[in-house]
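Quick notes on the structure that follows.
Every read-out reported here was derived from the displayed coordinates using simple, explicitly stated rules and does not represent laboratory data. Keep in mind that what you see is a predicted model, and the values were worked out from it rather than measured. Because the Cβ atoms are built from the backbone with ideal geometry, glycine has one as well, and the counts that use them run over all protein chains shown.
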Amino acid sequence: MWWTIILYTSLLYVFYRFINYWIIKPWQVQRDFWNQGIPGRYTPIVGDILRQRRAYLADKPFSYVEEASAEFGDYYHTSFGPLPCLNISDPALIESVLKTNSQFYHKSELARAIASTVLGYENIVLAEDENHTRHRRLVNPIFQHQNTISMISSMVDIVTTFLKKWENETNDKTYPLILDVSKEMSNLTLDIITGCVFGIETMKNKYIHDKIYQSVKIAIEEIEKRIYNMIIIIPILNQLPLLGKRRIAKCKHDIKTIALQMIDQRRQGLTRANCKGPDLLDLLLAAHGEDKEQKFTDEEVSAEAITFVLAGHETTATLMTWTLHDLVTNPDVYQQCQNEIDSVMSENTELTATTLSLLTYTEAVLKETLRYHQPAPVLLRTAIADNTIVASDGKRIRIRKGTDIIMNLNILNSSEKYWHEPNRFNPSRFLERYPDVLFSFGIGPRICIGQNFAMLESKIMMAILLRRFRFELVPGQKLVMGTAGTIRPKYGLSMRVWPR
Ligand code: HEM
């Protein structure tokens, strides 16, 4: 008798949890938004997933967001599966979530599910509250100006070595190389970030190099698959040890084992940095707060080092890929950028902080690409407490605990309200001032910690690439933006590359 009661009560509870998660809670949040006069739409259970999937399969991945923004404006509610969301592209709202009200928000479950599969939770990207403050306090000094500047010569070495392959294959100047520059930039930026984290000499060890390469690539591929087939958001299913999850776990294990070995070797003095100053591993090992006892453990150093590799690799590769695309499709801008690089650099000019500081137009080209082809187009948060955010038009929006916020930076970056001629690729707009509505690196306490590093390495790559090669688009190719975290072209980007 008692067992029957317990069984039925448990089943009833599970049923209630199920209905609450899939129907009641999403409906309550949507109703609350409607009552506040926020436009939007609600499709029970699936939400916008099918729309997104259709757009993705039609190779127009952002069309559904563009259509929704055109229909509803800069803020509207939808749902992603059962998760209730507020979509925003209004700069004041984005600033409220990321900066002024940041204490009420955590990384969203979706972002955590994606990042934690490889990174785990003990790292700067996923740490929250005081734990995040501690990570940030320890990591901030690592990316100080003098540290990144001392890595210039290493970055130049890595780029030069990488381009030897291209040079060897383009000896005959009558034929160009046909390259998928998206893949090339992905490999090049992985070389740079792993070289700056673990040391160039260490990365010359073929076993270590290939192991890290394969693990990073396979892990990213598998995560992309889990995002596209939605497994990552379906409770229980996302916990099952399916093949993809097991492959990611193996990559995570392999990278961590290598990272811990390298930390051990560095501590014993068996390896050393090849930069003019310390590399990122040295800096992580030496990082400490005001109280010298407050240091990272080896496990944390390893997690942070892997975080730098993953956070700094695809993002920068995407920036470089689209910069080359935007240059070849805007010949006047290309010419002006080329002229600047040629005037600053002769064949034997050493790239230093001073030479790089002269490349102001090149820097503007990179910033305009960040606007025009925002590498990470969407930022995600979940409200951990009820709070109110305020839009540019003065509208106050009450956010219920548990609501997801989807920040569509690409919609903001192409809005006529905030940008003059947004559909024109015009780097000159960045020569005057840095507009305060460009959030390509985020804003607030979680702003990208590697942004100066990213700009520095991108400028170096631009200077060397354009000095040595001329790029042309291969006509007739299908160019589609990716959607798995960054907009790296889904089918690659083919270019003819001529030696100069
Ligand atoms: C063009 C290149 C890059 C872009 C567009 C970019 C973009 C971003 C954005 C938008 C965020 C904030 C995410 C959020 O608020 O949810 C972020 C955070 C972060 N980025 Fe980058 N990033 C780039 C390069 C790098 C590089 C090179 C590194 C490391 C070497 C790096 C390390 C990080 C880390 C560790 C965080 C987390 C910071 C925190 O939560 O406190 N990023 N990045």
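Counting only alpha carbon atoms, the long axis of helix 2-19 and the longest principal axis of the chain meet at about 50°.
With a/c under 1.5 counting as rounded, go ahead and sort segment 148-274 into rounded, prolate or oblate using the C-alpha gyration tensor (a ≥ b ≥ c being the square roots of the eigenvalues; past the cut-off, prolate if a/b is larger than b/c, else oblate). Intermediate values should be presented prior to the final figure.
Numbers: a/c = 2.75, a/b = 1.31, b/c = 2.10.
It comes out oblate by the Cα gyration axes.
Tell me the mean residue ellipticity at 222 nm calculated for the chain from its helices only (DSSP H runs of n ≥ 4, each -39500 (n - 2.57), averaged over every residue, nearest 500). Can you show the working numbers first?
Numbers: 21 runs with 266 residues, N = 500.
Value at 222 nm, helices only: -17000 deg cm²/dmol.
Can you tell me how segment 1-144 classifies by the Cα gyration tensor, rounded, prolate or oblate, using a/c under 1.5 as the rounded cut? Oblate shape, in that a/c is at least 1.5 and b/c is the bigger or equal ratio. Using the average count of surrounding beta-carbon atoms within 10 Å as a protection proxy, the listed peptides 99-109, 237-247, 447-457, 164-174 rank, highest first, as 447-457, 99-109, 237-247, 164-174.
Computed from backbone phi, the HN-Hα couplings of segment 21-29 come to 5, 8, 10, 5, 4, x, 5, 4, 5 Hz, rounded to whole numbers (Karplus: 6.51 cos²θ - 1.76 cosθ + 1.60, θ = phi - 60°; Gly and Pro given as x). Overall, the anisotropy analysis places segment 323-457 in the prolate class: the square-rooted eigenvalues a ≥ b ≥ c of its C-alpha gyration tensor yield a/c not less than 1.5, with a/b exceeding b/c. Residues whose amide H lies under 5 Å from that of Gly40, counting only those 5 or more places away or on a different chain, are His77; hydrogens are built 1.01 Å from N in the peptide plane.
Angle of helix 243-267 to the longest C-alpha principal axis of the chain, folded into 0 to 90 degrees and rounded to 10: 50°.
To the nearest 20 debye, what charge dipole does segment 1-136 have about its Cα centre, counting +1 at the Cβ of each Lys and Arg and -1 at the Cβ of each Asp and Glu? Kindly include the intermediate steps, with their values, before the conclusion.
Values: 13 positive and 14 negative charges, 81 e Å.
The calculated dipole for segment 1-136 is roughly 380 debye.
From the alpha carbon centroid of segment 31-108 to that of segment 330-383 is 32 Å.
For Tyr105, enumerate residues with amide H under 5 Å from its amide H, sequence gap 5+ or separate chain, H modeled in the peptide plane. Those lying under 5 Å, H to H, from Tyr105 are Ile384. Towards the positive end of the charge dipole of the chain, with charges on Cβ (+1 Lys, Arg; -1 Asp, Glu), say which of Pro278, Ile19, Ala113 has the farthest Cα. Working it through, the farthest residue towards the positive pole turns out to be Ile19. Going by neighbour counts of Cβ atoms within 10 Å, the residues His288, His373 line up, fewest first, as His288, His373. Measuring between alpha carbons in the structure, the pairs from Lys206/Lys490; Lys107/Lys401; Lys165/Lys206 lying more than 21 angstrom apart are Lys206/Lys490.
The ranking of Ile200, Ile306 from fewest to most other beta carbons within 10 Å of each one's beta carbon is Ile200, Ile306. For the chain, relative contact order (Cα pairs under 8 Å, six or more residues apart, normalised by length) works out to 23 percent.
The gain in end-to-end length when the Lys204 to Gln239 segment is fully stretched comes to 8.9 nm, 0.36 nm per residue minus the alpha carbon separation. Seen from Ser102, the other residues with C-beta closer than 9 Å to its C-beta sum to a net charge of +3, counting Lys and Arg as +1 and Asp and Glu as -1.
For a straight C-alpha distance cut-off of 13 angstrom, the aspartates and glutamates reachable from Lys245 (same-chain residues fewer than eight places away being disregarded) are Glu221, Glu222, Glu224.
Under 5 Å from the amide H of Ala273 lie the amide H atoms of Asp279, each residue being 5 or more positions distant or on a separate chain, with H modelled from the backbone and absent for Pro and chain starts. Each residue of segment 392-400 is assigned a 3J(HN,Hα), and the resulting list reads 4, 8, x, 5, 9, 10, 7, 10, 7 Hz, derived from the Karplus form 6.51 cos²θ - 1.76 cosθ + 1.60 (θ = phi - 60°), x at Gly and Pro. To the nearest ten degrees, helix 129-139 and the longest principal axis of the Cα atoms of the chain are 10 degrees apart.
Please figure out what share of the DSSP beta bridges in the chain is antiparallel and state it in percent, rounded to the nearest 5. Beta bridges within the chain, antiparallel portion: roughly 85 percent.
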